[in-house]
1. Looking at region 344-426, which GluC sites (Glu not before Pro) are DSSP coil and have at most 12 other C-beta atoms within 10 Å of their C-beta?
2. I'd like to know how region 332-428 sits against the 2.2 N^0.38 Å rule of thumb: what's its Cα Rg over that expected value?
3. Within region 70-160, list the trypsin sites (Lys or Arg not before Pro) lying in a DSSP loop whose Cβ has at most 10 other Cβ atoms in a 10 Å radius.
4. Starting from region 28-69, pick out the chymotrypsin sites (Phe, Trp or Tyr not before Pro) whose DSSP state is loop and whose Cβ has at most 10 other Cβ atoms within 10 Å.
5. Kindly state, to the nearest 0.05, the FRET efficiency for Asn265 paired with Ala333, given R0 = 22 Å and r defined as their beta-carbon distance.
6. Cα atoms only, region 1-159: Rg and Dmax in Å?
7. Distance in nm between label sites at Val219 and Arg95, each 7 Å beyond Cα in the beta-carbon direction?
8. I want to verify the translational diffusion coefficient of region 252-353 in µm²/s; compute it with Stokes-Einstein, Rh as the Kirkwood radius over Cα pairs, at 25 °C and 0.890 mPa s.
Amino acid sequence: MLDTHIQNELIKIAGRARYFDRQEELTCYAYDAFVKEALPDAVILPETTLEVSGILKTASRFKIPVTGRGAGTSVCGAPVPIRKGIVLCFSKMDRIIEINTRDRYITVQPGVINADVQKALAPFGFFYPPDPGSMNTSTIGGNIAQDAGGPRCLKYGVTHDYVLGLEVCLASGKIIRFGSKNIKDVTGYKLASLFCGSEGTLGIITEAILKVRPLPETVKTLMVTFDDLDNTANAVTDIIGSGIIPAAMELMDKLTLNAIEDGANLGLDRKAKGSLLIEIDGVKEACEKEMKQIIEKVKQNGAVGVQEAGSELEREKLWAARRSAYAVFAKLAPDIISEDVTVPVSKVPLMIRKIIAITDKYGLKAGVLAHAGDGNMHPMIPTDRENKEEWEKVENAFSEIFRAAAELGGTLSGEHGIGLAKSDYLPLVMNNDTIEFMKKIKQAVDPDLILNPGKFV
Ligand SMILES: Cc1cc2nc3c(=O)[nH]c(=O)nc-3n(C[C@H](O)[C@H](O)[C@H](O)COP(=O)(O)OP(=O)(O)OC[C@H]3O[C@@H](n4cnc5c(N)ncnc54)[C@H](O)[C@@H]3O)c2cc1C
């Protein structure tokens, strides 16, 4: 608990109704979708940038840790307040400030939910491409801080490709603004990119200007099944290697497909060893041509079932089912660990074989789900962290999976971030001087190390 005089100062800034410090209230902000938990001393729901700035001024004077929080859907422990202090939750800063499709941007507060941005843009014929599986819950602030991706990032790029400008409160409470409403802007360092993926360790995002795109004229969605997982992965590298970039290409293995079918009852082929959910979009004629080429490629790789979504409803059902993968897996055991190692796309078949060999070696049940077209793989292991013996196997398996990805020229995370889950593994993909360079940036911006301490820097 914070000292009374500090509490009083914070309550003066945000008001009693938006300051929480009872055990049962703090518990709601102690966790994310990873397995580690820690109670903060206080939770504040700010409503304005000035309130955020005031809270940070107080926190920096008393050297109190401050951790930003969107919806708490992180799967790497990033918003878990491991060093206690204040959690700033942005559920009350959830306004869309401006939509300007003529100049192709939208300005939002950090607590706006990703799907609400999509809903607001759709009537204008526009969309915001980053579409994490958590889009119905996760916030733009959290998406920026984690540099979130999603299925259609294969064609359109990830969050950092869409952040034009930010307003940020620094640890000192100073408010800075960088970037602009211009698609082209090379005025100084590209600070917006620095904040993407910074996991709340450099500053608190209080406003964002995001680039938007016109909705495509045509969208076609294909569900393809295979009786061999290797063939499924080879089809991915073949399609991408031939120069076709679908909007999305999601790979699911048998366990994942069956877990989804248990929940969605779509009539998916339960016997299939692998499947691909492929989407292409653009002008009608180009889509039709690409669709033919894709069907040819999957057939050459032994596809046993090829089914195109016949209506928007069918398409939505397929995507809802795909997005349910994490939730249906979570029902299989008390805990679920979903990782996101990423390898060059040509290495996808090999990496999948390695994931299976490693999890088999430890006798673990694992599902493979992947944004396969960009090499981003989510091995998912349902487990029980209270079962010490099994938990040790899970940790060892993931450690080997990280090493295998690094050996293939891959990386630790394609979109989920580092948080508490993977900071020990940074040396696998970065040398010491690079890690030191990141630490220097952190120290320059946050000399008392109050912003989300205990994370990857
Ligand atoms: C079912 C499921 C599916 C998912 N699918 C995907 C996916 O497809 N792609 C993907 O990339 N991720 C995915 N995720 C992970 C997660 O949803 C993303 O990382 C998301 O961006 C987190 O957003 P959030 O609002 O929940 O942020 P939180 O989890 O609350 O916080 C995440 C990080 O952002 C920081 N933060 C939050 N707000 C601010 C702010 N205003 N200023 C500074 N820092 C801030 C926090 O301190 C923390 O470090 C998935 C998670 C789940 C549970």
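1. Values: sites: Glu386, Glu389, Glu390, Glu392, Glu395, Glu400, Glu407, Glu415; in loops: Glu386, Glu415.
When the GluC sites (Glu not before Pro) of region 344-426 are filtered for loop state and at most 12 Cβ neighbours within 10 Å, Glu386 remain.
2. Values: Rg = 12.5 Å, N = 97, 2.2 N^0.38 = 12.5 Å.
Region 332-428 yields a ratio of 1.00.
3. Working: sites: Arg83, Lys84, Lys92, Arg95, Arg102, Arg104, Lys119, Arg152, Lys155; in loops: Arg83, Lys84, Lys92, Arg95, Arg102, Arg104, Arg152.
Taking region 70-160 and a limit of 10 other Cβ atoms within 10 Å, the loop trypsin sites (Lys or Arg not before Pro) found are Arg102.
4. Working: sites: Tyr29, Tyr31, Phe34, Phe62; in loops: Tyr29, Tyr31, Phe34, Phe62.
Here no chymotrypsin sites (Phe, Trp or Tyr not before Pro) fit, given the DSSP loop and packing criteria.
5. Details: r = 22 Å, r/R0 = 0.99.
That gives a FRET efficiency of 0.50.
6. Cα radius of gyration and Dmax of region 1-159 are 16.8, 52 Å respectively.
7. Placing both labels 7 Å beyond Cα along the Cβ direction yields 3.0 nm.
8. Details: Rh = 15.6 Å.
Approximately 157 µm²/s, per Stokes-Einstein.
Computed from the coordinates by the stated procedures, all read-outs in this text should not be read as laboratory data. Worth saying up front: this structure is predicted, and the values here are computed from it rather than measured. Note that each Cβ is placed from the backbone with ideal geometry, even for glycine, and that neighbours are counted across all protein chains shown.
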